[in-house]
Amino acid sequence: FGEASHMNIEEIRGRSRVILAIDEEEPRKYWNVLDAVGSSVKAVKLGWMAILSLGSDGVKSLINGHDDKYFIMDAKMADVNFINEKIARRMAGLGFDGIIMHGFIGPSNAPPSVMDVFVLISMTQGPTLYDASLERAMDYTKAIDRRGIVVPGNKPDIIRKAREQFPSDVIISPGIGAQGGSIGCAVKHGADFGIVGRSIYESSDPVESLKRLEREAAESQC
Ligand code: NUP
């Protein structure tokens, strides 16, 4: 873990239920969006678009410039163990606190030890093979040392099943807003966080959109 003095993901949960995803083309937009939302955003998810747009040095600067926040790399890793470990070490070096891995690589997956691992067990689009054998995906995931899991925020039934099976995991759920999910409903069914991208970064008033999402999460209604 880096030297930053930010909170861990469980501490953040007490203050905010939104993880901001940014998948922009323009390097400047990553800075602009984070400027706009300021300290009200505590956790940010970046992915391959950020690495491609900003470059790895640019991502490192962005994370360094916002050391009050928890950063997750949505790597959706699914390689053999020694490669996953190498990639995770590089990502930790850029300042990331957590990384997302695919669950389908199964119980022989030795998760990287350098950062928090979130295992994806179902997707917002689909059905995928995960849904064809959700029980198996969950069993595989239980065998992996992890901080939490990723389940679709637009599929409340899957969130509920996952929460029953993973009572103490941090559940993070994309698919809120632009992909049809409701953060209130996701939280009601057991999600700890909604991951929200376009509904915030493409909004004409990102701060207002964020406030509305936090309100809905607190109300926890479908
Ligand atoms: O199943 C998934 N669906 C999904 O959209 C797993 C994900 N990690 N994501 C990510 O969530 C996707 O890569 C994007 O960064 C974010 C959703 O963005 P938006 O639909 O809120 O703009």
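Condition check: in contact with a strand residue (DSSP E or B) (Cβ under 9 Å, 6 or more places away or on another chain) and buried (at least 21 other Cβ atoms within 10 Å of the Cβ). Does M73 satisfy that? Against the criterion (in contact with a strand residue (DSSP E or B) (Cβ under 9 Å, 6 or more places away or on another chain) and buried (at least 21 other Cβ atoms within 10 Å of the Cβ)), M73 qualifies.
Selection of the stretch 75-107 for residues being touching a residue at least 12 places away in the same chain (Cβ under 8 Å), outside any helix (DSSP H, G or I) and over 19 Å from G47 (Cβ atoms) yields G106, P107.
When the criteria are applied in full, T128 meets the requirement of being without any contact (Cβ under 8 Å) to a residue 12 or more places away in the chain, among the β-branched types (V, I, T) and farther than 27 Å from S39 by Cα.
In summary, helices (runs of 4 or more DSSP H) completely within the stretch 143-213 and bearing 1 or more residues that are away from the ligand (no atom under 12 Å from the Cβ) occur at 156-165, 183-188.
Starting from residues that are in a loop (DSSP other than H, G, I, E, B), within 14 Å of the ligand (Cβ to nearest atom) and not β-branched (V, I, T), keep the ones in the stretch 108-137 and report whichever is surrounded by the fewest Cβ atoms within 10 Å (Cβ to Cβ).
So the residue we want is Q125.
Just a yes or no: is a residue in the stretch 214-222 within 13 Å of the ligand (Cβ to nearest atom) and modelled with pLDDT of 95 or more? No, the conditions are met nowhere in the stretch 214-222. Output yes when any residue across the stretch 40-53 is farther than 18 Å from V117 by Cα, exposed (fewer than 15 other Cβ atoms within 10 Å of the Cβ) and within 14 Å of the ligand (Cβ to nearest atom), and no when none is. Looking for residues that are farther than 18 Å from V117 by Cα, exposed (fewer than 15 other Cβ atoms within 10 Å of the Cβ) and within 14 Å of the ligand (Cβ to nearest atom), one finds at least one in the stretch 40-53, hence yes.
The values are calculated or read from the model by the stated rules, or taken from the named source; none is laboratory data. Everything quoted here is computed from the prediction, not taken from an experiment. Cβ atoms come from the backbone with ideal geometry, glycine included; neighbour counts cover every protein chain shown.
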